[in-house]
Amino acid sequence: MNAEDRPTWLSVDLDAVAFNFHVAKTAVGDSCQIRPVIKADAYGLGAIPVARRLRQEGVGGFCVALVEEAVALREAGIQESMVVMSGFSPALTEKVVAYRLEPFLTRAEYGLAVSQRVSGSTVVPVYLKVDTGMGRLGVPLDQAVAVYDSWTRFEGIHVVGVVSHLACADDPDNPETDRQIKRFASLVETLRQRNPDLVASLSNSAGIMAHPGAHFDWVRPGVMLYGGSPLYPHTHWQALGLRQTIHWVSHIVQIQNLSAGRSLGYGHTFTVQRVSRIAWISVGYGDGYNRHLSNRGAVVVGGVRCPVVGRVCMDLIGVDVTDVPTACAGDPVALLGGDAPRMVALDEMAQWLDTLSYEVSCAIGQRVPRRY
Ligand SMILES: Cc1ncc(COP(=O)(O)O)c(C=O)c1O
């Protein structure tokens, strides 16, 4: 660390991301391709470094949500096949052609609209996205075959595959997943009578780990690559054999000795019950350390779990380090990650916030430098 650097950063363990990729690989077997989902800056870890690391592991391409995410990756030299899952509209066709992207087409009218924007001998590879139960994006299941047939008549597009998304795969007991798999499998069978080379993709991380029948030709893991359990709280990340990939580190700026009965922070929401040492740490909601962690979160100082006390500020949090008598200004603090068994896992912070690990890592702000 340079003396002028703010002592707060996100350390990203790319080897752990690669390790988690191989957990997915083992689950799906050699006949199924993996196209990691690196949208939203690889869930906050950094899409370009993650892509550069994972391309060494034998990916079948990458998935992003938006055309601009794909463009940034292309401009960084990522040449693998690039699927755009949800942020495509025909007005973006020129960019899709220029950057050799493969969009999911989610509406029937998009086939003609894209084909009309393509010139000369250019052919855009597209995926027919079908709604098999998510009720979100996609052509309705009962129209999918007719839409496919109409799209095969248009010049300038080539339907390379059919895709859908699972709604309830994170809950292994939810019967909807099997129903979705059956609907999708039946559609794939029908379409393959028209084109035996058509490829099919249905699974996210939860489908990969909990539903072998949902694997088809290629899968789209996101959260599991980054160390979050896609089956939380039913199955924890350790039980899936995943590794934590991020360590969010900060440092103690100052320690306050407070006598019993003193209150601290904005709104005085915490009053110390004993003579206490309160460490102020250089992180806050301006960095994505969620304000709902006020009087709820915990960090690790000197190998000891210490509670967050008082309100999370924009640039600082207070932590009770009374039980770590050696703690002093300048000491490191693990906000996320750290060493087992005291570590704060992504899923645990998500649980404190009543959310998912996805949101925790995505929320870590750009003010926090990433180190790889
Ligand atoms: C269409 C689609 N496929 C795959 C994924 C990856 O999901 P997960 O992070 O649960 O593996 C997402 C993420 O939201 C998605 O929207």
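The values are calculated or read from the model by the stated rules, or taken from the named source; none is laboratory data. Please read these numbers as outputs of a predicted model, since none were measured by experiment. As a convention, Cβ positions derive from the backbone with ideal geometry for all residues, glycine included, and neighbour counts pool all protein chains shown.
Here is a yes/no grid of residues against (1) closer than 24 Å to Thr245 by Cβ; (2) within 13 Å of the ligand (Cβ to nearest atom):
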{"position": "Val163", "(1), (2)": "no, yes"}
{"position": "Asn174", "(1), (2)": "no, no"}
{"position": "Val188", "(1), (2)": "no, no"}
{"position": "Arg194", "(1), (2)": "no, no"}
{"position": "Val199", "(1), (2)": "no, no"}
{"position": "Ser205", "(1), (2)": "yes, yes"}
{"position": "Gly213", "(1), (2)": "no, no"}
{"position": "Trp218", "(1), (2)": "yes, yes"}
{"position": "Val223", "(1), (2)": "yes, yes"}
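Among the residues of segment 330-351, write down those that are in contact with a strand residue (DSSP E or B) (Cβ under 8 Å, 6 or more places away or on another chain) and more than 21 Å from Ala40 (Cα to Cα).
Gly330, Asp331, Pro332, Val333, Ala334, Leu335, Gly338, Asp339, Arg342, Met343, Val344
Do any strands (runs of 3 or more DSSP E) entirely within segment 235-338 hold 1 or more residues that are surrounded by fewer than 21 Cβ atoms within 10 Å (Cβ to Cβ), and if so, which?
246-258, 276-281, 298-301, 304-309, 332-336
Scanning segment 115-130 for residues that are closer than 15 Å to Val160 by Cα and of a type in the set (A, V, I, L, M), which turns out nearest to the ligand (Cβ to nearest atom)?
By that ranking, first place goes to Val130.
Out of all the residues in segment 78-118, which are part of a loop (DSSP other than H, G, I, E, B), in contact (Cβ under 8 Å) with a residue 24 or more places away in the chain and of a type outside the set (Phe, Trp, Tyr)?
Those that are part of a loop (DSSP other than H, G, I, E, B), in contact (Cβ under 8 Å) with a residue 24 or more places away in the chain and of a type outside the set (Phe, Trp, Tyr): Ile78, Glu80, Ser81, Arg100, Thr106, Arg107, Ala108, Val118.
Identify the residue in segment 225-255 that is at pLDDT 95 or above and among the aromatic types (Phe, Trp, Tyr) and, among all such residues, is nearest to the ligand (Cβ to nearest atom).
Among those that are at pLDDT 95 or above and among the aromatic types (Phe, Trp, Tyr), it is Tyr226.
Residue by residue through segment 128-161, note down the ones that are farther than 19 Å from Trp218 by Cα and either free of Cβ contacts under 8 Å to residues at least 24 places away in the same chain or among the hydroxyl-bearing types (Ser, Thr, Tyr) (or both).
Pro140, Asp142, Ala146, Tyr148, Ser150, Thr152, Arg153 - these are the residues of segment 128-161 that are farther than 19 Å from Trp218 by Cα and either free of Cβ contacts under 8 Å to residues at least 24 places away in the same chain or among the hydroxyl-bearing types (Ser, Thr, Tyr) (or both).
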